[in-house]
Amino acid sequence: MPAPDAHADDGAAPYAVPDAEDTLDLRLSEDYLAFLEEQEDEACAAAADDRHGTEPDRGGGRTAAAGEDLLDRLADWGPAPTPVGELRLLPVRVECDLPLIARWMNDPAVAAFWELAGARSVTERHVRHQFEGDGRSVPCLGVLDGTPMSYWEIYRADLHPVARHYPARPHDTGIHLLIGGVADRGRGIGSALLRAVADLVLARRPSCARVVADPDLRNTPSVSAFLSAGFRLSAEVDLPDRRAALMLRDRALRHVL
């Protein structure tokens, strides 16, 4: 549809140019701002549809296929059934997904452990770093029954700096998880998603014998969620930024735990 009139009367002059030396002050109507937001939402929805196929670029110049090769083409893994709905891991499109992820990072409960609160650029640097490295990590949105509700980082733990701090095995695959909405926390949803994603990793990566996680040892709810998801506490490890609980979900024990 055509854009609403940007000059619509909102009680003030839409342009104010006192003299030629001043910067142009353009005031857009609420209708026009809503129109721009609608266009951005439609573009992001189209980008989300594209994520079910092959994308040429997800991370500011980096070809997604190069990194995903180390994780057996994560974008093609397909859905994971869970007791709370169907979960899909969709590799992040920074230009579309960053506002949502940054909002989650500014939740005090999240910021206490992720330490990425602040301007959107703080989160953007972190997410782009995942893409601009050597393909060890793929950041993803967790979409549950069509609704984005979590942020994931799936990474090659055996090639990651964390491998210096535990006896890594070839093809160990790591998981970082952030549950975005407060309503989705504390109800067992995290445990259900962790179990489903760990099993998805083991199903799609036949060379991977175990899934690894390293939540902050102080984050009791997170450690408890991993335990409920069939992970076992292997050790406490000192990482550069925290003391972590080394959690493992073994392929050989996945039908037992």
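Every number here is computed from the coordinates shown, using simple stated rules; none is lab data. All values derive from a computational prediction rather than experimental measurement. For neighbour counting, all protein chains shown are included, and Cβ atoms are generated from backbone atoms with ideal geometry for every residue, glycine included.
Compared with the direct C-alpha span, the chain from ALA112 to ASP72 gains 11.2 nm at full extension, assuming 0.36 nm per residue. Full extension of the segment from THR220 to LEU233, taken as 0.36 nm per residue of separation minus the current Cα-Cα distance, would add 3.4 nm. Can you give me the Cα centroid spacing of the stretch 175-207 and the stretch 238-252 in angstrom? Result: 16 Å between the Cα centres.
Of the beta bridges in the stretch 186-257, as assigned by DSSP with both residues counted there, near 100 percent are antiparallel.
Among 229-235, 72-78, what's the highest-first ranking by average C-beta atoms within 10 angstrom per residue? Please list the in-between numbers first.
Numbers: 229-235: 18.3, 72-78: 16.7.
With the highest mean Cβ count within 10 Å placed first, the list reads 229-235, 72-78.
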